[in-house]
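Everything below concerns the one structure shown next.
The values are calculated or read from the model by the stated rules, or taken from the named source; none is laboratory data. Worth saying up front: this structure is predicted, and the values here are computed from it rather than measured. Every residue, glycine as well, gets a Cβ built from its backbone with ideal geometry; the counts of neighbours run over all protein chains shown.
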Amino acid sequence: MGLHVPLCMLCAYALCRLMTRVSSPSRRAVFLAMMLVMAASNIKFIVQDMKLLAVGQTVTHYAPFISDSDLASMRWLRDHTRATDTIFAPPTFALFFPAFTGHQVYYGHWSETPDYACKLREWFEFVDPSTTDDIRAIILRSTDASYVAGYSSEFRYMKRMSSDVYKVLKKWP
């Protein structure tokens with residue numbers, strides 16, 4: 001979670017220190033060699049991403065775009081909620097929501113959310129039609145979320161949910 005920032009800073013510091021120890025005529029060669037090594041890994045990932053985007057995929061299997069309805073939902077939540085409210089939502093929505101709104105989510109980026117796999121399982125259990133209302137209420141309370149966002153296909157069974165779960169689905173303290 002954010003380890004790449006101090007790692008990059010450490011690498012830049014080490015490279016600067018290395019360059020001061022290399023004779024002046026060799027500095028250019030060392031610098032160019034380092035650039036080639038760094039560029040090779042970047043080019044590999046850029047080529048990989050371009051191939052995946054050509055077929056509408058990404059490495060993490062999230063949609064490479066955000067739908068108009070998702071953007072409208074994000075705008076509504078941004079305008080009608082507080083920044084301290086937590087949103088419980090499907091993976092793609094939760095991934096992009098903080099960037100578009102400045103608000104927090106229960107789980108977001110797979111590598112920056114502590115215990116992401118467990119939180120993602122909670123979402124899928126929550127939207128599973130076989131999950132009981134009592135379990136849904138427990139999941140919602142455990143997330144401490146203020147709002148739930150989702151797709152109609154995931155919530156098609158919600159009309160059958162008990163009034164107790166509807167109360168939980170509304171904003172609670």
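Could you grab me the full set of residues in the range 49-59 that are at pLDDT below 80 and either among the small types (Gly, Ala, Ser) or surrounded by fewer than 12 Cβ atoms within 10 Å (Cβ to Cβ) (or both)?
The first filter runs over the range 49-59 and keeps only residues at pLDDT below 80, leaving 49, 52-53, 55-59.
If the condition is that a residue be at pLDDT below 80 and either among the small types (Gly, Ala, Ser) or surrounded by fewer than 12 Cβ atoms within 10 Å (Cβ to Cβ) (or both), then 55, 56, 59 are the ones that fit.
Is it true that residue 131 is modelled with pLDDT under 90, within 22 Å of residue 71 (Cα to Cα) and surrounded by 14 or more Cβ atoms within 10 Å (Cβ to Cβ)? Steps first, please.
On the way: modelled with pLDDT under 90: yes; within 22 Å of residue 71 (Cα to Cα): no; surrounded by 14 or more Cβ atoms within 10 Å (Cβ to Cβ): yes.
Taking the combined requirement at face value, the residue does not satisfy it.
Inside the range 95-114, can you point out the residues that are in a helix (DSSP H, G or I) and in contact (Cβ under 8 Å) with a residue 24 or more places away in the chain?
Across the range 95-114, the qualifying residues are 95, 96, 97, 100, 101.
Of the residues that sit in the range 1-14 and are in a helix (DSSP H, G or I) and either assigned by TED's automatic domain parsing to the domain that holds residue 107 or modelled with pLDDT under 85 (or both), which one is surrounded by the most Cβ atoms within 10 Å (Cβ to Cβ)?
Restricting attention to the range 1-14, the residues satisfying the condition of being in a helix (DSSP H, G or I) are 4-14.
Among the residues that remain, those that are also either assigned by TED's automatic domain parsing to the domain that holds residue 107 or modelled with pLDDT under 85 (or both) are: 4-9, 11-12.
Numbers: 4: 9, 5: 8, 6: 9, 7: 10, 8: 10, 9: 10, 11: 12, 12: 10.
It comes out as 11.
For residues that are at pLDDT 90 or above and hydroxyl-bearing (Ser, Thr, Tyr), scanning just the range 134-167, find the one that is farthest from residue 92 (Cα to Cα).
Restricting to residues being at pLDDT 90 or above and hydroxyl-bearing (Ser, Thr, Tyr), the top hit is 142.
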